[in-house]
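Down below is the structure, laid out as structure tokens.
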Amino acid sequence: MSEFERFLAQLPAAEAARGREVFRPARVERGELMVRAGDRPDRVGFVERGLFRLYASDPAGTERTMGFRAEGELVCAYSAALRKEASQLTIEALEPAELMVAPRSGYDAMVAANPGWQRLVARLTEELYLRVEQRQSELLLTDATARYRQFLADHGALATRLTQRQIASYVGVTPEALSRIRRRLISINDDRPGSAYGREHDDDARDGDRSSRPRSGPSAARPSGEATG
């Protein structure tokens with residue numbers, strides 16, 4: 001069973017069928033943008049396979065990673081869509097990804113007409129609110145070591161799919177500072193804490209020292225089978 005079908009299994013059969021009509025398969029290549037900061041979001045995506053990063057840039061151009069979305073999760077600029085405003089976040093594919101994508105207008109109409117979808121979206125909105133509140137508390141009230149520990153608790157399964165630069169951006173430190181945090185944590189533990197502390201994301205080798213910025217445009221989140229020309 002696909003991730004999307006597991007998601008739909010929470011709904012009555014008729015409402016699940018409606019979801020299959022509204023959401024359509026799409027794919028995104030690594031480095032493509034599903035949403036660019038300044039755009040008005042017009043799609044809702046569900047991740048079947050792949051990994052996305054949600055980030056904002058400060059006036060100096062420093063990227064601050066706000067979160068990640070992986071298999072089995074919805075991915076969209078949710079608060080901007082609710083307010084019908086331009087997004088403050090950019091959503092970047094970190095891996096080649098397969099999605100189920102719905103136009104925002106069709107998604108909103110489906111939710112409005114189906115109580116099962118309303119209950120599901122209400123629950124997802126509540127979970128998102130709690131995640132955002134926790135993230136804000138981490139950034140305001142905890143130090144970098146505590147934030148890294150929380151990253152491992154919340155996203156440890158993703159650690160080997162991320163570079164050190166991406167993890168450092170989420171924790172709110174430089175990659176060099178993150179290396180020092182990791183070495184200190186290793187040194188005070190009798191046993192190696194596992195792959196999350198390993199060498200897999202200890203440098204930028206997986207970045208390939210990419211100098212180009214993420215791509216966007218007509219090819220981003222293109223429907224499966226659609227020409228990219």
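The values are calculated or read from the model by the stated rules, or taken from the named source; none is laboratory data. Keep in mind the model is a prediction, meaning the values are calculated, not measured. Backbone-built Cβ (ideal geometry, glycine too); neighbour counts: all protein chains shown. These area figures cover heavy atoms from the full protein model, side chains too; ligands, DNA and RNA do not enter into them. Shrake-Rupley method; radii C 1.70, N 1.55, O 1.52, S 1.80 Å.
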Please specify each residue of region 17-34 satisfying the condition of being under 19 Å from E71 (Cβ atoms) and free of Cβ contacts under 8 Å to residues at least 60 places away in the same chain. R20
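Condition check ((1) in a strand (DSSP E or B); (2) surrounded by 15 or more Cβ atoms within 10 Å (Cβ to Cβ)) across all residues:
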{"residue": "A56", "(1), (2)": "yes, no"}
{"residue": "A86", "(1), (2)": "no, no"}
{"residue": "E98", "(1), (2)": "yes, yes"}
{"residue": "A109", "(1), (2)": "no, no"}
{"residue": "Q118", "(1), (2)": "no, no"}
For the structure I just gave you, tell me whether A26 is surrounded by fewer than 14 Cβ atoms within 10 Å (Cβ to Cβ) and within 24 Å of R6 (Cβ to Cβ). no
When region 120-132 is checked residue by residue, the ones that are under 17 Å from the mean Cα position of the chain (by Cα), of a type in the set (A, V, I, L, M, F, W, C) and open to solvent by less than 80 Å² (accessible area, probe 1.4 Å) are L124, L128, V132
Checked E85, E92, E63 against criteria (modelled with pLDDT of 95 or more and acidic (D, E)); the one match is E92
Just give me the residues in region 150-165 being outside any loop (DSSP other than H, G, I, E, B) and buried (at least 16 other Cβ atoms within 10 Å of the Cβ), in sequence order. Q150, F151, L152, D154, H155, L158, A159, R161, Q164, R165
Quick one: G72 ticks every box in (1) in contact (Cβ under 8 Å) with a residue 12 or more places away in the chain; (2) at negative phi bar one, so which box is it? (2)
Over region 35-44, the set of residues free of Cβ contacts under 8 Å to residues at least 60 places away in the same chain and either more than 20 Å from M110 (Cβ to Cβ) or open to solvent by less than 80 Å² (accessible area, probe 1.4 Å) (or both) is V35, A37, G38, D39
In region 48-67, which residues are in contact with a Lys or Arg (Cβ under 6 Å, 6 or more places away or on another chain) and under 27 Å from L8 (Cα atoms)? L51, F52
Could you list all residues from region 104-155 that are under 16 Å from Y78 (Cβ atoms) and of a type in the set (F, W, Y)? Y107, W117, Y129
